[in-house]
Amino acid sequence: MSSYNAPFEIHVHGQVPMRADVSFDQLQDALKPLWKYAGARSLAEGAASAYEEEPGITFDSKERLLQVCWTVRGDEDFRQSLDEMCMNLNELSEQGAAIEVTFYDTDFDEDEEEQGAESRDDFVMLFVGPTPAAIMQVQRDLLVQDVVNMMERHFDGAELGGVVAEIDKLFSQRFDALVNSLEIGKPPRGSGGPGAGHGGGGGRRPRHLH
């Protein structure tokens, strides 16, 4: 499909802290679903955005920070590329991070809007991280920020401690349920065998979730 006939302009935006031992080759492989979708043969070739004013896909080697502000023309099948990218970045990330993806309907115009038609614009928030706890921490922090920002229109920030505590309680319950589900699949301690000790990324509870 020609990019000029693509029904969407898809913007990917986010910052992901990477482990100190991650090499450029590993990063290039992890991001292959993106640059390959764009028709490129390498990360260097595919890192440029469809819009020159956007920085595209960059990596700050000093800060170990992957930064994405990148637009590609495509279709709904790009969602599969996003899923693959997230799975790849989970293995390389140092901390949890959020990635925002916006699908802009290129076929929708003002005349259709005036006639009551709806565009196919869509917004997706994706999360990556080295463990489920790291991912939940980012989800928790974003939710607290959104709720507090909304409620501060009506209440002083100091009054919202109870609300934040309830959000933490919900995430604690979700985290405990995840750990318990992983424990069910684990063999007894000391049993040996190929599956012994595999916890699926449970581990330490996210901070704030008491």
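All of the numbers you see were taken from the coordinates with simple rules; none came from a lab. Predicted model, so just to flag it, every value in this text is computed and none were measured. Positions of Cβ are generated from backbone atoms using ideal geometry, with glycine treated the same way; all protein chains shown enter the neighbour counts.
Residues that are in contact with a Gly (Cβ under 8 Å, 6 or more places away or on another chain) and not aromatic (Phe, Trp, Tyr) within the stretch 8-30 comprise just one, 10.
Identify the residue in the stretch 35-66 that is in contact with a Leu (Cβ under 8 Å, 6 or more places away or on another chain) and touching a residue at least 40 places away in the same chain (Cβ under 8 Å) and, among all such residues, is surrounded by the fewest Cβ atoms within 10 Å (Cβ to Cβ). So, considering only residues that are in contact with a Leu (Cβ under 8 Å, 6 or more places away or on another chain) and touching a residue at least 40 places away in the same chain (Cβ under 8 Å), the one surrounded by the fewest Cβ atoms within 10 Å (Cβ to Cβ) is 59. Contact map, the stretch 158-175: first residue in a helix (DSSP H, G or I), second residue exposed (fewer than 11 other Cβ atoms within 10 Å of the Cβ), Cβ cut-off under 6 Å, separation 6 or more or different chains; the map is empty. One residue stands out among those in the stretch 131-161 that are of a type in the set (S, T, N, Q) and surrounded by fewer than 16 Cβ atoms within 10 Å (Cβ to Cβ): the one that is nearest to residue 94 (Cα to Cα), which is 145.
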